[in-house]
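Enquirer: Sharing a structure here in structure tokens format.
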Amino acid sequence: SERLYDHQRDEISRIFGCPVANGYGGRDAGFIAHQCPQGSMHLTAEDILVEIVDKDGNALPNGTAGEVVVTHLATSEFPFIRYRTGDVAILSDAKCACGRGLPMLEEIQGRTTDFVMATDGTIMHGLALVYPIRDIPGIAAFKVVQETLERVMVHIIPEESCGQQVETLISQGIKARLGQTVNVQVLRVDDIPKEKSGKYRYVQSLIMEN
């Protein structure tokens, strides 16, 4: 599975001229949730049990972000029991107007490795770095790599309209979120390789991976 960002949803909807329904699952975990016409992400609770846990595996209350853990109820040949997906999400207490009655995910935040750390120790989702760069005109694609607390490398694929002020804007946006002492280096490249899985990551934190 790979996160569907709002700008991707808008672009797909514009091109095909229809609403885009999101689905959530994984190669090992299978289908976990699907979006209804009301926009809610309903768990496939008929055959799967979903828990949100902390780093020690303790269940967290609804409304709290934690790792998604799944138990399959229909895989007797090779059961998955409290399988840790590596994804971070929030369970919801709300009831959906669609009337399905299935439990819902309030938010799917991404992988546990999709988070970054500021110089003051604050942990935030990588989207905090995606949004300020995404809104800068003249950038076809980018990837942010947090190498250390004090060093961030940003690879960008520039378009013809990419001006010289881009580096300054990127640096300002990242420093505003991670800290003014962070050394931000911006490299203009021709290509940004995908992960071995074939997925594309906008943000990678070597700190959080270690």
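Enquirer: If I take R0 = 22 Å and measure r between the Cβ atoms of residue 165 and residue 134 in this structure, what FRET efficiency does the formula 1/(1 + (r/R0)^6) give, to the nearest 0.05?
Expert: For residue 165 and residue 134, the calculated efficiency is 0.85.
Enquirer: Match the structure shown to one of the listed values (1) 18.3, 57; (2) 21.1, 78; (3) 19.0, 59 of Rg and Dmax of the Cα atoms in Å, computed from it, and give that label.
Expert: (3)
Enquirer: Here's another thing I want to ask about it. Between residue 148 and residue 8, 0.36 nm times their residue separation minus their Cα-Cα distance comes to what?
Expert: Gain on extension, residue 148 to residue 8, equals 47.5 nm.
Enquirer: Here is the link list: 55/143; 143/196; 55/175. Which ones come out longer than 19 Å on Cα distance? Let's see the in-between values first.
Expert: On the way: 55/143 27 Å; 143/196 15 Å; 55/175 28 Å.
From 55/143; 143/196; 55/175, over 19 Å: 55/143; 55/175.
Enquirer: Based only on other Cβ atoms within 10 Å, what is the fewest-to-most ordering of 93, 114, 87?
Expert: Fewest-to-most ranking of 93, 114, 87: 93, 114, 87.
Enquirer: Okay, next question. For the residues 78, 115, what sequence is obtained by ranking on other C-beta atoms within 10 Å, fewest first?
Expert: 78, 115
Enquirer: Follow-up question, since we're still on this one. So for the pair residue 84, residue 141, with labels modelled 7 Å out along Cα→Cβ, what separation do we get in nm?
Expert: Placing both labels 7 Å beyond Cα along the Cβ direction yields 3.2 nm.
Enquirer: Which FRET efficiency, nearest 0.05, do residue 94 and residue 31 yield, Cβ-Cβ r, R0 30 Å?
Expert: Step by step, r from the Cβ atoms, then E = 0.90.
Enquirer: Using the basic label-point model (7 angstrom from Cα toward the beta carbon), what is the residue 62 to residue 192 distance in nanometres?
Expert: With each label placed 7 Å out from Cα toward Cβ, I get 3.7 nm.
Enquirer: If I model a spin label at residue 38 and residue 120 as a point 7 Å from the Cα along the Cα→Cβ vector, what separation in nanometres do I get?
Expert: 3.9 nm
Enquirer: Using Cα pairs under 8 angstrom and six or more residues apart, how large is the relative contact order of the chain, in percent?
Expert: On the way: 390 pairs, mean separation 30.6, N = 210.
Over the chain, the number comes to 15 percent.
Enquirer: Related question: Can you figure out the FRET efficiency of residue 18 with residue 45, using R₀ = 41 Å and their beta-carbon distance, to the nearest 0.05?
Expert: Efficiency computed from Cβ-Cβ geometry: 0.90.
Enquirer: May I pose another question? Give me the Kirkwood hydrodynamic radius of the stretch 6-111 in Å, from all C-alpha pairs, to one decimal place?
Expert: Computed over Cα pairs of the stretch 6-111, the Kirkwood hydrodynamic radius comes out at 14.6 Å.
Laboratory data are not the source of any read-out in this text; all were calculated from the coordinates shown. Bear in mind that the values here come from a model prediction, so they are computed numbers and not experimental data. Ideal geometry is used to build each Cβ from the backbone, glycine not excepted, and the neighbour counts take in all protein chains shown.
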